[in-house]
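Below is one structure; the comments refer to it alone.
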Protein chains: 2
Amino acid sequence: MPQPNGFTQHPAELLRVGPGFSLAEQPTDVAPGFSGKKLDGATTLAARAPVLSQLQEQLFAESRFGGSKSVLLILQAMDTAGKGGIVGHVVGSVDPQGVKLTTFKAPTDEEKAHDFLWRVRPGAPGPGMFGVFDRSHYEDVLIHRVHGWADEAELERRYAAINAFEAELADAGTAVVKVMLNISPAEQLERLTARLHDPTKYWKYSPTDLDERKFWPQYMDAYQRVFEKTSTEKAPWYVVPADKKWYARAAVQEILIHTLESLTLQWPAGHFDLNQERARLKDAVL
Amino acid sequence: MPQPNGFTQHPAELLRVGPGFSLAEQPTDVAPGFSGKKLDGATTLAARAPVLSQLQEQLFAESRFGGSKSVLLILQAMDTAGKGGIVGHVVGSVDPQGVKLTTFKAPTDEEKAHDFLWRVRPGAPGPGMFGVFDRSHYEDVLIHRVHGWADEAELERRYAAINAFEAELADAGTAVVKVMLNISPAEQLERLTARLHDPTKYWKYSPTDLDERKFWPQYMDAYQRVFEKTSTEKAPWYVVPADKKWYARAAVQEILIHTLESLTLQWPAGHFDLNQERARLKDAVL
């Protein structure tokens, strides 16, 4: 695939989870395929934003004339890894009208009373929409595995249900892109510490973050299992090194551009008689 | 009120609909209170985006610790006036996580079976959210008045219901900001014509736009009535000259900044023992 500005190899190729993938072997403080530094990353992000934005507009436009394609970006990560930054700086560069963002928090009592996909399905993007999940149904095989809230048989059932759900979405025209932002425990500690030294960031700090942090190795095991069970042809996972925020943003942007380009979108033809409408416009002076 | 960059008088002051307001007397091809030209407008928009963005983040942050404030921007205009541009370029500069956008199309059969505010209420922003209505309940006193789908008594009932609804929102902590983007018929004609000369814009063109255009004077009458009946202290209207897109965007941005500043937002204090958490962090090396 052709290389975008600043990249010597395409991140969609480099970061895609394939057979034999091992999360433990992935460095986090790197910028695979990118030849520049932080400032170049910011420049690339700004330069490529209009490309992503135009592709999203084409996706939206097609759906107005019967197109059924859509995109779903699923974001998973340990706390502070930068999901919010992806939403703000990558997704934030496209027209809000075409974005359907769903943030998944701890489930409510009503949600818990249903099977785990019940609350997820309404978040699936309609035709032309760019759906984003900030956390997702993967919590049900991550935190649930880490804390033993689901046993092995139940987890197996869920992996299978997830694959069936995502295949259904893909078959109906949704390009499913799953991104895990991969930070190191050291980088997380630095970011949590920064929050406690900046009064404009206190609100982002929760003492429970440190409790969950203790389970880091168990979370990595649970992610490894997720990648083995659910990185499919129809709904691939990308593991994005995220210690460098600028790299993670530029890489996710390129993965999205690549995904949208693979849909071979077209501007819809006018569903009207062009000459007739031009003539009507000439008579429309008020 | 203090003047932002580029403005010699604050648009929130200049463009607010007050007693005796006459829509017919408002020029559309002007830039009230702004001293510069198109390029300066773009510069101002970019320069002020981080200000709006930070205010939105404060609004969101406050709500995480019990704050009940929110903002609702209601956008109304004739076709092509630039509602989409406001959503994309002004609202689009804040974190999508904090935005709740509702686009109102022609009502469905189910929506029609209810009173006109039924479908509107769920769009009201929750605490901390920045709600945006692209069209709104005002269609029920605009297009309905123009086409005689509601008689005078019914329209009066609706104005009153709207004022009661918006006062309820305001009393519960929502700053309601209503913006009418004011373009001239000549400018609309130019924009419609441009759509028919650019294949990337065909999808935005609908032959019915020209049908509705014939009712321009009736629409202006209906807007004038709306301003007389519903521009209240709690939910003011702003009529923004919109023949110059760059001005409309900069002006709406400033009106939003002004509105958010008037909420006197604060960064929430940490709801934890700062020293204790800093000590815990020191022990949290993995």
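The values are calculated or read from the model by the stated rules, or taken from the named source; none is laboratory data. This one's a predicted model, so the numbers in the text were calculated from it and none came from an experiment. Reconstructed Cβ throughout: ideal geometry from the backbone, glycine too, with neighbour counts over all protein chains shown. For the accessible areas, the whole protein counts, side chains as well, though only heavy atoms, and no ligand, DNA or RNA atoms are used. Shrake-Rupley method; radii C 1.70, N 1.55, O 1.52, S 1.80 Å.
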Does B:PRO185 count as over 30 Å from B:VAL71 (Cα atoms), modelled with pLDDT of 95 or more and surrounded by 15 or more Cβ atoms within 10 Å (Cβ to Cβ)? yes
Looking at B:PHE130, B:PHE116, B:PHE65, which one is among the hydrophobic types (A, V, I, L, M, F, W, C) and open to solvent by 40 Å² or more (accessible area, probe 1.4 Å)? B:PHE65
In segment A:203-227, how many residues are among the basic types (Lys, Arg) and not in a helix (DSSP H, G or I)? 1
Give the number of residues within segment B:68-92 that are surrounded by fewer than 22 Cβ atoms within 10 Å (Cβ to Cβ), of a type outside the set (Val, Ile, Thr) and at the interface with chain A (Cβ under 10 Å from one of its Cβ atoms). 4
Cβ contacts < 9 Å: first residue part of a helix (DSSP H, G or I), restricted to segment A:11-23; second residue among the charged types (D, E, K, R), any location; separation 6+ or different chain. Result? A:PRO11/A:GLU254; A:ALA12/A:GLU254; A:LEU23/A:ASP221
Tell me, which residue of segment B:175-202 that is facing chain A (nearest Cβ under 8 Å) and not in a helix (DSSP H, G or I) is farthest from A:GLU62 (Cα to Cα)? B:LEU196
Number of the condition not met by B:ALA61 [criteria: (1) in contact (Cβ under 8 Å) with a residue 24 or more places away in the chain; (2) under 27 Å from B:HIS137 (Cα atoms)]: (2)
Pick out the one residue from B:ASP198, B:ASP171, B:ASP211, B:ASP221 that is closer than 30 Å to B:PHE130 by Cβ and open to solvent by 40 Å² or more (accessible area, probe 1.4 Å). B:ASP171
Is it the case that B:ASP95 is within 14 Å of chain A (Cβ to nearest Cβ), of a type outside the set (Lys, Arg) and surrounded by 18 or more Cβ atoms within 10 Å (Cβ to Cβ)? yes
Yes or no: A:SER206 of a type in the set (Gly, Ala, Ser), touching a residue at least 12 places away in the same chain (Cβ under 8 Å) and open to solvent by 20 Å² or more (accessible area, probe 1.4 Å)? no
Evaluation of B:ALA251 against (1) open to solvent by 10 Å² or more (accessible area, probe 1.4 Å); (2) outside any loop (DSSP other than H, G, I, E, B) (one fails), failing number: (1)
Identify, please: which residue in segment A:1-55 is among the β-branched types (Val, Ile, Thr) and surrounded by fewer than 18 Cβ atoms within 10 Å (Cβ to Cβ) and is, among those, farthest from A:VAL226 (Cα to Cα)? A:THR43
Could you give me the residue pairs with C-beta distances under 8 Å whose first residue belongs to segment A:274-286 and is within 13 Å of B:ARG213 (Cα to Cα) and facing another protein chain (nearest Cβ under 7 Å), whose second residue is open to solvent by less than 50 Å² (accessible area, probe 1.4 Å) and in a loop (DSSP other than H, G, I, E, B) wherever it lies, and which are 6+ apart or on separate chains? A:LEU281/B:LEU196
When you scan segment A:261-273, how many residues do you find that are assigned to a loop (DSSP other than H, G, I, E, B), more than 7 Å from chain B (Cβ to nearest Cβ) and either surrounded by fewer than 16 Cβ atoms within 10 Å (Cβ to Cβ) or among the charged types (D, E, K, R) (or both)? 5
The lone exception for A:PRO122 - which of (1) within 14 Å of another protein chain (Cβ to nearest Cβ); (2) in contact with a Gly (Cβ under 9 Å, 6 or more places away or on another chain); (3) on the phi < 0 side of the Ramachandran plot; (4) modelled with pLDDT of 95 or more it fails: (2)
Keeping to segment A:242-286, report how many residues are over 37 Å from the mean Cα position of the chain (by Cα) and either under 30 Å from A:MET78 (Cβ atoms) or basic (Lys, Arg) (or both). 3
Can you tell me which residue within segment A:203-215, out of those that are under 24 Å from the mean Cα position of the chain (by Cα) and among the basic types (Lys, Arg), is nearest to the other protein chains (Cβ to nearest Cβ)? A:ARG213
Go through segment B:98-116 and report how many residues are more than 10 Å from chain A (Cβ to nearest Cβ) and more than 24 Å from B:ASP209 (Cα to Cα). 4
Quick check on segment B:232-245. Is at least one of its residues under 19 Å from B:GLY82 (Cβ atoms), within 14 Å of chain A (Cβ to nearest Cβ) and either open to solvent by 30 Å² or more (accessible area, probe 1.4 Å) or in contact (Cβ under 8 Å) with a residue 60 or more places away in the chain (or both)? no
